[in-house]
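In what follows, a single structure is set out as structure tokens and then discussed.
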Amino acid sequence: MENLADQLKDKTDRCSELLLAKEQLQRDVQERNEEIEKMENRVRELEHALISTTYPLQTNEERKLHVALEIQGDNTLQIQLQAERDALERKEKEV
């Protein structure tokens, strides 16, 4: 009888440990999700700032078209943008 009580206590303790670990992992995932969201917002802000400073007098549609054409023509910018997107994807996959 004592052995069963000890086993039950051990299993209860283990369940509590697992529950605490699960809660910590959930907090970690939430923090990473928030980091990813901040990075995505920052990338968007930088893209908009670049577009606005490069083509200040044009309409949004004209700016987007020009930027799209320049990105196609400028591999360096395209590679950097893709690297940022890849980094975001890796962060998302970690979660």
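The values are calculated or read from the model by the stated rules, or taken from the named source; none is laboratory data. What you see is a predicted model; the values in this text were computed from it and never measured. Heads up, the Cβs are rebuilt from the backbone with ideal geometry, glycines too, and the neighbour counts pull from every protein chain shown.
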Can you find even one residue in segment 75-95 that is at pLDDT below 70, in a helix (DSSP H, G or I) and surrounded by 14 or more Cβ atoms within 10 Å (Cβ to Cβ)? yes
Do we find a residue being at pLDDT below 75 and in a helix (DSSP H, G or I) anywhere in segment 34-51? yes
